[in-house]
Ligand code: FPP
């Protein structure tokens, strides 16, 4: 049995993030360090993403959202953009059957109309075939930009007002959320690799209360041990959602175990 398929003993299943988002940065630098072409970094990065998806499923995390290609990434050299598009299409063709068998529900977030017709076909096929799977949700942000996503959502809502179906006063946060590409649970944890500490137009609305984790590891080196470290940090955070520290209630058993883990970590620090 692959031991890393089992949730590490120091992590509490009740306190895991249910939705993890990743900004996969550092592919180019990883390749440069090895005197390889940048595309070798992207190829390795795709393997890492595949393993992270499996790891999330193994460890009981319900959703993974990955920033694969931003609306700004078109500015890269044509050869790199072409390679990335080819990689996305190839990965979809190669991995779809296995992902479907493993119960992955795939969704793509972004303006897909700018992608090649053959990539759009693969995307449609993947979304349709896996639409009823429930083991884990895998969202791929492709030609995605958060500001334009918010503008698009506002336009949809404004149209309802224009048509007289909605009053301006009735516009709510929930309504805007439901018109975003994500239209679901916001991420609990955002991970960005390679030492950069910014959001780069990713999920600006959805990350309002998300815990951020930045690591110097380059994306192609982000393995299960790195993910384990990110989850340890996450479980050590106090999520208050704007509430006062002593007024936050978490489910009783989870709260007790949370305190037990914090105490154990403190004791470990003291005896180290
Ligand atoms: C950023 O690193 C990475 C990207 C823009 C591409 C990410 C895509 C993958 C990992 C492939 C995912 C595959 C699928 C099927 C979704 P960078 O190139 O900006 O790195 P650098 O900052 O070191 O140059």
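The values are calculated or read from the model by the stated rules, or taken from the named source; none is laboratory data. Note that this is a predicted model, so its numbers are computed, not measured. Note that we place each Cβ from the backbone using ideal geometry, even for glycine, and neighbour counts take in every protein chain shown.
Looking only at region 136-155, count every residue that is in contact with a helix residue (DSSP H, G or I) (Cβ under 9 Å, 6 or more places away or on another chain) and loosely packed, with under 14 Cβ neighbours inside 10 Å and tell me the total.
Count: 1.
All conditions but one from (1) touching a residue at least 24 places away in the same chain (Cβ under 8 Å); (2) within 11 Å of the ligand (Cβ to nearest atom); (3) out of contact with any helix residue (DSSP H, G or I) (no Cβ under 7 Å at 6 or more places or on another chain) apply to residue 84; the one that does not is (3).
For residue 138, the test of being within 15 Å of the ligand (Cβ to nearest atom), modelled with pLDDT of 95 or more and in a strand (DSSP E or B) is passed. Within region 187-206, residues that are free of Cβ contacts under 8 Å to residues at least 24 places away in the same chain sit with their Cβ atoms under 9 Å from residues that are within 12 Å of the ligand (Cβ to nearest atom) and not in a loop (DSSP other than H, G, I, E, B), at 6+ positions apart or across chains, in these pairs: 198/23; 198/192. A search for C-beta distances below 7 Å between a residue of region 58-78 that is modelled with pLDDT of 95 or more and any residue that is within 9 Å of the ligand (Cβ to nearest atom) and assigned to a loop (DSSP other than H, G, I, E, B), counting only pairs 6+ apart in sequence or on different chains, returns 66/24; 67/24. Contact map, region 95-113: first residue under 9 Å from residue 133 (Cα atoms), second residue part of a strand (DSSP E or B) and at pLDDT below 95, Cβ cut-off under 9 Å, separation 6 or more or different chains; the map is empty.
Filtered by the rule that a residue be under 21 Å from residue 107 (Cβ atoms), more than 8 Å from the ligand (Cβ to nearest atom) and in contact with a helix residue (DSSP H, G or I) (Cβ under 6 Å, 6 or more places away or on another chain), region 18-59 gives 55, 58.
Results for (1) on the phi > 0 side of the Ramachandran plot; (2) modelled with pLDDT of 95 or more; (3) buried (at least 19 other Cβ atoms within 10 Å of the Cβ); (4) in contact with a strand residue (DSSP E or B) (Cβ under 9 Å, 6 or more places away or on another chain), shown as yes or no for each residue.
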residue	(1), (2), (3), (4)
178	no, no, no, no
185	no, no, no, yes
192	no, yes, yes, yes
195	yes, yes, no, yes
